[in-house]
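Have a look at the structure below before the remarks.
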Amino acid sequence: MSLPLEAAELPADAIEVGRILDAWGIKGWIKVLPHSASPEALFSSRRWYLQPSERGAPAFQGTVLLRVREAREHSDSVVASVHDIDDRSAAEALKGARIFIPRSSFPTAGDDEYYWVDLIGLQVFNREGQVLGRVKDLMATGPQTVLVLSHEEAGEALERMIPFVSAYVDSVDVPGGRITVDWQADY
């Protein structure tokens, strides 16, 4: 099956935000599994960049541009109608595709709100100026998010976890690449 999709170059600031789960309905809508519990980035951009899944036979090669007509939340997923995909079989051919959106298209975060992608790589210091590590990941634990830091001690690569809550986080300086926390190295 040949899909009427436009070849595109992945933007330099592209972030993977979800995957296409399957077709939704009979009119070419797709069902998307967002990588975030708050899928605002999917709603803020009308241009989604797709790349084939790592597994399975892709219906397309390289990066293609998907022009979104409408996207909305539906249960625990997102459903979307896109230009040039007008029937179920064309939508099914996109199953498994990875969805990327330019970081510059994300909605502006509110005060004291941060996108996880912006926190990864930041250096974390305690109030005394001691380096505690670099953010390598974040983990949702239900009631709160936890910073997962990588650091070295005696030549050994280790992890440190710090709750990302105001009781422990004094400041976040994304442009400066720094997070200051009320935390000690021996916690």
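Taking the charge dipole of the chain about its Cα centre, with +1 at Lys and Arg Cβ atoms and -1 at Asp and Glu Cβ atoms, the residue from F43, T63, Y168 reaching farthest to the positive side is T63. Please label the shape of the stretch 6-105 as rounded, prolate or oblate, based on the square roots a ≥ b ≥ c of the eigenvalues of the alpha-carbon gyration tensor (a/c under 1.5 means rounded; beyond that, a/b larger than b/c means prolate, else oblate). The shape class here is rounded. Between R55 and R127, the C-beta separation translates, for a Förster distance of 41 Å, into a calculated FRET efficiency of about 0.30. Obtain the nm distance between the two label points defined at Y168 and H83 by a simple spin-label model: each point lies 7 Å from its Cα along the Cα-to-C-beta direction. About 4.7 nm, to one decimal.
Among G155, G110, G25, the largest mean-square fluctuation in a Gaussian network model of the chain (Cα springs under 10 Å) belongs to G155. As a proxy for reagent exposure, ranking M139, M161 by other Cβ atoms within 10 Å from fewest up yields M139, M161.
So, R0 is 30 Å and r is the distance between the beta-carbons of E9 and S36; what FRET efficiency does that work out to, to 0.05? Using R0 = 30 Å, I get an efficiency of 0.80.
For the stretch 49-187, a crude dipole built from +1 on the beta carbon of Lys and Arg and -1 on the beta carbon of Asp and Glu, taken about the Cα centre, is about 560 debye to the nearest 20.
Compared with the alpha-carbon gap, the fully stretched path from A109 to M161 is longer by 16.3 nm at 0.36 nm per residue. Other residues within the sphere of radius under 15 Å centred on the Cβ of A91, judged by their own Cβ, net out at +1 (K and R +1, D and E -1).
Antiparallel beta bridges, as assigned by DSSP with both residues in the chain, represent about 95 percent of the total such bridges. FRET efficiency for the I26 to D76 pair, using the beta carbon distance and R₀ = 22 Å, is estimated at 0.50. Using equal-weight Cα scatterers in the Debye expression, the normalised intensity of the chain in log10 at q = 0.12 Å⁻¹ is -0.68.
Short-range pairs are left out: with C-alpha atoms under 8 Å and at least six residues apart, the relative contact order of the stretch 1-106 is 42 percent.
As a length-normalised measure over Cα pairs under 8 Å and 6 or more apart, the relative contact order of the chain settles at 20 percent. Would you give the gap between the C-alpha center of the stretch 102-119 and the C-alpha center of the stretch 128-144, rounded to a whole Å? Measuring centre to centre over Cα atoms gives 17 Å. GNM on the chain, alpha-carbon springs under 10 angstrom: the most fluctuating residue among A109, A41, A14 is A109. Report summary: the helix-based calculation at 222 nm, which adds -39500 (n - 2.57) for every DSSP H run with n ≥ 4 and divides by the residues of the chain, gives -1500 deg cm²/dmol.
Just so you know, all these numbers are worked out from the coordinates, no wet-lab data involved. As the structure is a prediction and not an experimental result, all values here were calculated from the model. Cβ coordinates were reconstructed from backbone atoms using ideal geometry, including for glycine residues, and neighbour counts include every protein chain displayed.
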